[in-house]
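Colleague: I am attaching a structure below and will ask some questions about it afterwards.
Every read-out reported here was derived from the displayed coordinates using simple, explicitly stated rules and does not represent laboratory data. Remember, predicted model here, so these are calculated numbers, not experimental data. Cβ atoms come from the backbone with ideal geometry, glycine included; neighbour counts cover every protein chain shown.
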Amino acid sequence: MNKVAFITGATRGIGKQIAMVLAENGYDIALNYRTENDNLRETIKEIESKNVKCLAVKGDVSSYENCETFVSQIINKFGKIDVLVNNAGITKDTLLMRMKKEDFEDVIDVNLVGTFNVTKNVISHMMKARSGRIINISSVVGVSGNAGQTNYAASKAGIIGFTKSLAKEVASRGILVNAVAPGFIETQMTDVLKDEIKEKIAETIPLKRMGTATDVANVVKFLASDDSSYITGQVINIDGGMLM
Ligand code: NAP
């Protein structure tokens, strides 16, 4: 029986690549999406071409009710969730002076409360199974801070505290909880930046390039695998050396 991995926000970018890499490694995939579009249909097709099962569940991670519904849909189909990847995330960047209350709340609601909502609905199934892996997608800015991202950095720092606390709560049940903190990764999220700004940022990175979604997905694959069975409560930077 294949292991089952559930990835939120998995129809593009880092989430999609995590789903693809885990599918290539024989996991059945449950993926969450918010918007029904060609990206979703293409992602399902690509996953099924790896000869594994794929279930797509609709819902907004910031809604607790949506999370309750889609987690039970996954359990009904697969009977278990071995690996949870909390990936769905948004940015609403601006300086605090200009930031509206809603910009702050929206980012916290999706990135941090969303991570709680999904994990809270998955954890009881992992507790019963006495095993599981939870991998939360944080960010280097959750560690370093970043001007223009008080909302996003607070949400990603919150994810780190959440990860370490939960890792302590569930270690005795055989559930390992870790976070990855990507640096500057080429996706639609960073596409909004002008090329010259991207080049300038890349110059400041020791490895002199932006990361790819595959750079992140390969570390998530490791954290989901038996090769990482003595690692919990950690935050792994995937940033080309940006933060060292
Ligand atoms: P992306 O291309 O913008 O993709 C984000 C995904 O999250 C989309 O599939 C989006 O779905 C989904 N999503 C957003 N809000 C959602 C919600 N409320 N409920 C369910 N799904 C939702 O971003 P990405 O670059 O791949 O980022 C993925 C994760 O990595 C995020 O947590 C991000 O903060 C983190 N990260 C990214 C970078 C980077 O440089 N790119 C660096 C550090 C950390 P829709 O299509 O419906 O919007």
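Colleague: So for the stretch 65-130, taking the charge dipole from beta-carbon charges (+1 Lys/Arg, -1 Asp/Glu), which of Met127, Gly114, Ile74 sits furthest toward the positive end?
Modeller: Of Met127, Gly114, Ile74, it is Met127.
Colleague: Measure nothing but the geometry: give the 0 to 90° angle between the long axis through the Cα atoms of 13-24 and the longest principal axis through the Cα atoms of the chain, rounded to 10°.
Modeller: 30 degrees
Colleague: Would you mind classifying the stretch 112-165 by shape? Square roots of the alpha carbon gyration tensor eigenvalues, ordered a ≥ b ≥ c; an a/c under 1.5 is rounded, otherwise it is prolate if a/b is larger than b/c and oblate if not.
Modeller: Details: a/c = 3.95, a/b = 2.59, b/c = 1.53.
Prolate.
Colleague: What size of dipole, in debye to the nearest 20, comes out for the chain about its Cα centre when the only charges are +1 on Lys and Arg C-beta atoms and -1 on Asp and Glu C-beta atoms? Provide the component values of the computation, followed by the final result.
Modeller: On the way: 29 positive and 28 negative charges, 127 e Å.
Charge dipole, the chain, about its Cα centre: 600 debye, nearest 20.
Colleague: Could you tell me which of the pairs Lys3/Lys50; Lys164/Lys221; Lys77/Lys128; Lys164/Lys198; Lys50/Lys164; Lys53/Lys77 are separated by over 22 angstrom between their Cα atoms in the structure shown? Write down the numbers at each step before the final one.
Modeller: Details: Lys3/Lys50 14 Å; Lys164/Lys221 20 Å; Lys77/Lys128 17 Å; Lys164/Lys198 32 Å; Lys50/Lys164 34 Å; Lys53/Lys77 10 Å.
Where the Cα-Cα span goes over 22 Å, the pairs concerned are Lys164/Lys198; Lys50/Lys164.
Colleague: Which FRET efficiency, nearest 0.05, do Ser131 and Asn218 yield, Cβ-Cβ r, R0 30 Å? Don't skip to the answer; put the middle values down first.
Modeller: On the way: r = 22 Å, r/R0 = 0.74.
Plugging the Cβ-Cβ distance into 1/(1 + (r/R0)^6) gives 0.85.
Colleague: Can you check how the C-alpha radius of gyration of the stretch 17-63 compares to 2.2 N^0.38 Å, as a plain ratio?
Modeller: Numbers: Rg = 10.6 Å, N = 47, 2.2 N^0.38 = 9.5 Å.
Against the compact-globule rule of thumb, the ratio is 1.12.
Colleague: Another question, then. In a shell of Cβ-Cβ distance under 14 Å around Asn151, excluding Asn151 itself, what net charge do Lys and Arg (+1) and Asp and Glu (-1) give?
Modeller: Values: positive: Lys92, Arg98, Lys100, Lys101, Lys156; negative: Asp93, Glu102, Asp103, Glu105, Asp106, Asp109.
Computed value for this residue: -1.
Colleague: Taking K and R as +1 and D and E as -1, what net charge do the other residues with C-beta under 11 Å from the C-beta of Asn66 add up to?
Modeller: Summing Lys and Arg as +1 and Asp and Glu as -1 gives -1.
Colleague: Let me ask another. For the stretch 24-120, go through all pairs of different Cα atoms, get the mean of 1/r, take its inverse, and jot down that Kirkwood value in Å. Kindly include the intermediate steps, with their values, before the conclusion.
Modeller: Numbers: mean 1/r = 0.0672 Å⁻¹.
That comes to 14.9 Å for the stretch 24-120.
Colleague: Next question. Which length gain, in nm to one decimal place, applies between Thr69 and Glu36 when the Cα-Cα distance is subtracted from 0.36 nm times their residue separation? Could the numbers behind the result be given before it?
Modeller: On the way: separation 33, 0.36 × 33 = 11.88 nm, distance 1.71 nm.
Residue separation times 0.36 nm, minus the Cα-Cα distance, leaves 10.2 nm.
Colleague: Return, ordered by residue number, the residues of the stretch 137-158 whose backbone nitrogen is under 20 Å from a label point located 7 Å along Cα→Cβ of Leu96.
Modeller: 139-158
Colleague: Between the stretch 78-128 and the stretch 135-191, how many Å separate their Cα centres?
Modeller: One Cα centre to the other: 10 Å.
Colleague: Assigning unit charges at the beta carbon (Lys, Arg +1; Asp, Glu -1) and nothing else, what dipole magnitude in debye, to the nearest 20, does the stretch 1-146 show about its Cα centre?
Modeller: Working: 19 positive and 17 negative charges, 90 e Å.
The dipole of the stretch 1-146 has a size of about 440 debye.
Colleague: For the stretch 105-226, what ratio Rg/Rh do Cα atoms give with a Kirkwood hydrodynamic radius?
Modeller: Details: Rg = 16.0 Å, Rh = 15.8 Å.
That ratio is 1.02, to two decimals.
Colleague: Report the Stokes-Einstein translational diffusion coefficient (µm² s⁻¹, integer) for the chain, Rh taken as the Kirkwood radius over Cα pairs, at 10 °C with viscosity 1.306 mPa s.
Modeller: Working: Rh = 18.0 Å.
For these conditions, the coefficient is 88 µm²/s.
Colleague: Can you give me the distance in nm between label points at Ser49 and Ile201, each placed 7 Å from the Cα along the Cα-to-Cβ direction?
Modeller: Taking the two extended label points, one gets 2.9 nm.
Colleague: Oh, and also: Quick one: what are the phi-derived ³J(HN,Hα) couplings along the stretch 222-229, Karplus 6.51/-1.76/1.60 with θ = phi - 60°, whole Hz, x for glycine and proline?
Modeller: Per residue, the Karplus-derived 3J(HN,Hα) values read 4, 5, 7, 8, 5, 5, 10, 6 Hz.
Colleague: Name the most mobile residue of Gln73, Gln188, Gln17, meaning the one with the largest mean-square fluctuation, in a Gaussian network model of the chain with Cα contacts below 10 Å.
Modeller: Fluctuation is largest for Gln188.
Colleague: Still on this structure: Report relative contact order for the chain in percent, whole number only (criteria: Cα-Cα under 8 Å, sequence separation at least 6).
Modeller: Working: 473 pairs, mean separation 46.9, N = 244.
So the answer I get is 19 percent.
Colleague: To test your reading of the geometry: what angle, between 0 and 90 degrees and rounded to tens, separates the Cα axis of helix 150-170 from the longest principal axis of the chain?
Modeller: Roughly 30 degrees, rounded to the nearest 10.
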